[in-house]
Every structure is written in structure tokens, then in C-alpha cells.
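The structure under discussion appears below in the form of C-alpha cells.
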Amino acid sequence: MVAITAVGFFTKRVESALSQQGALLLGGDLVVLADHAIPQKFNRLAAKHALKAVKTYEFPSMVMAEDVGQLAEIKAVDSGFPLRGDLTLGQTINDAGTVVKSAPSAGEVWIEPRLANVLGVQVGDTLAVGEKQMRISAILQREPSRGGDMFSFAPRLMMLADDLAETKLIQYGSRVKYQLLLAGAPDKIAAFHGEIKPLLARGERVQDLRNARPEIKLALDKAEQFLGLSAMV
């Protein structure tokens with residue numbers, strides 16, 4: 001009986017660790033996505049369940065370094081980003097980097113090495129992002145929530161969401177992925193998930209660890225099967 005209890009406890013701990021690692025790829029424990037601005041009622045619901053929440057905005061746009069332009073995947077984030085995991089920043093494209101858990105400062109951008117190479121820029125240079133001139137303050141070496149998009153068609157540029165209005169990049173008809181990232185205790189996340197489902201309107205959906213990315217679901221399913229068999233043995 002003691003052995004069975006010990007194995008059961010161990011498998012639960014491993015399942016919990018796997019879920020936490022999956023949350024790093026998702027960027028949070030739960031994500032509300034929309035093709036329009038996230039309604040404030042979802043923020044109020046998150047506060048009701050004592051969840052941490054940050055908004056992000058993702059869309060493609062051209063960025064310029066003097067006369068050289070390149071299509072980039074812009075990611076504008078709230079100051080509380082990231083909720084889960086951390087980022088690795090370097091001062092050069094070959095720098096091993098330093099682990100941080102923060103968002104870019106106002107007026108600054110972080111860019112992936114690919115973008116730095118194409119534009120021929122480095123930390124300290126200036127980029128035109130829409131109608132705003134922004135300083136490159138770091139090279140973005142690693143972004144966990146971008147784990148499944150490592151071969152994306154365009155390199156990443158990360159900026160603070162507070163700077164978006166000055167860039168004037170989001171206009172009527174712009175294709176923007178609006179996200180509300182949430183993190184908190186498992187029971188609070190489950191309660192929020194159940195309560196938000198009836199409130200979702202057109203163009204709104206919820207992603208968790210299992211429906212966000214097929215590779216996460218497959219890994220968790222296989223791990224649970226293995227752990228279940230181990231417990232039986």
C-alpha cells in the first residue's frame with residue numbers, strides 16, 4: 001500500500017511538472033484569443049478569480065533601418081509579460097544572453113538575430129516601427145512562447161504595448177491576433193475556463209495546454225499513458 005501511494009504521488013508530481021513546462025510554450029496557463037480587441041469583461045472575470053492577466057498583440061508589419069526594410073512579426077506586450085517562463089536577451093547576435101523576466105521598456109524594441117542580420121543593425125541602433133522611431137535595446141535570443149514557431153516566415157520584434165498607439169500600425173482592417181494570457185492556481189483556472197465558455201462571441205476562443213498546440217497535447221497524452229502504466233506496475 002505504501003509503495004502504491006508513493007508511486008501515485010510521484011506520477012502526480014511528474015504530471016504537474018509536465019503541465020508547467022507546457023505552460024511555458026503557451027505563455028500562460030490559459031489564453032483567450034480574438035480577432036478583435038479583448039472585451040473588458042474577460043479582464044473583470046480574471047480579476048474575480050484572482051488570476052494574473054496580460055494582453056499581447058501580434059501582427060506582421062514592415063520595419064525600416066534607414067533605407068532597408070524587412071517584414072517582421074511584431075509582438076506588443078503589456079508590462080507584466082511574461083506570465084510563465086522567461087526570455088533570453090543578448091547584446092550581440094552571438095551572445096549567449098541573460099535570462100530576464102520582463103517586458104521591453106517604453107521606446108525600446110527587442111529583435112531576433114535574423115532581423116538584426118537582414119537589416120544590418122545592432123543594439124543601440126534605431127528602427128522605424130510604423131511612425132515611431134524606436135531604439136534596439138537587446139537581441140531576443142529565446143522566447144519560450146514562440147517555441148512552436150521557430151521556423152516562422154518572419155523574425156520577431158517585441159515591443160511594449162503602450163507604444164502601439166504612436167506607431168499607428170493598427171488600423172481598420174489590420175490583421176491582429178489579440179491575446180489575453182492568464183496564470184493562476186489550477187482550480188482558479190478551471191473555474192475561469194468553465195465560466196468564460198458561454199460568454200465567448202464570434203471570433204473569440206480559449207486555448208489551454210491541450211488544444212493550443214498538437215505537439216503539447218501529444219506529449220502530455222503519451223506521458224500520462226506511461227505514468228499510468230508505471231503506477232499499475
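Tabulated data for the structure shown
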| quantity | calculated |
| --- | --- |
| One residue from L119, L115, L71 being in contact with a Pro (Cβ under 7 Å, 6 or more places away or on another chain), within 21 Å of A154 (Cβ to Cβ) and open to solvent by less than 30 Å² (accessible area, probe 1.4 Å) | L115 |
| Selection count, segment 122-136, where residues are open to solvent by less than 30 Å² (accessible area, probe 1.4 Å) and either over 16 Å from I74 (Cβ atoms) or of a type in the set (K, R) (or both) | 0 |
| Unmet criterion (only one of (1) at pLDDT 95 or above; (2) farther than 27 Å from L33 by Cα; (3) open to solvent by 20 Å² or more (accessible area, probe 1.4 Å); (4) in a helix (DSSP H, G or I)) for E224 | (1) |
| Unique match (being at pLDDT below 95 and at positive phi) among G173, G148 | G173 |
| Residue match in segment 94-104 (condition: within 24 Å of N117 (Cβ to Cβ), charged (D, E, K, R), buried (at least 21 other Cβ atoms within 10 Å of the Cβ) and touching a residue at least 12 places away in the same chain (Cβ under 8 Å)) | no |
| All positions within segment 80-100 that are touching a strand residue (DSSP E or B) at 6+ places or on another chain (Cβ under 7 Å) and closer than 18 Å to L160 by Cβ | G80, F81, L83, D86, L87, L89, V100 |
| Filter result for G85 (surrounded by 15 or more Cβ atoms within 10 Å (Cβ to Cβ) and not basic (K, R)) | yes |
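The values are calculated or read from the model by the stated rules, or taken from the named source; none is laboratory data. Note that the coordinates shown come from a computational prediction; the quantities given were computed from them, not determined experimentally. FYI the Cβ positions are ideal-geometry reconstructions off the backbone, even for glycines, and counts take in every protein chain you see. Side chains included, ligands, DNA and RNA excluded: accessible areas come from the protein's heavy atoms. Shrake-Rupley method; radii C 1.70, N 1.55, O 1.52, S 1.80 Å.
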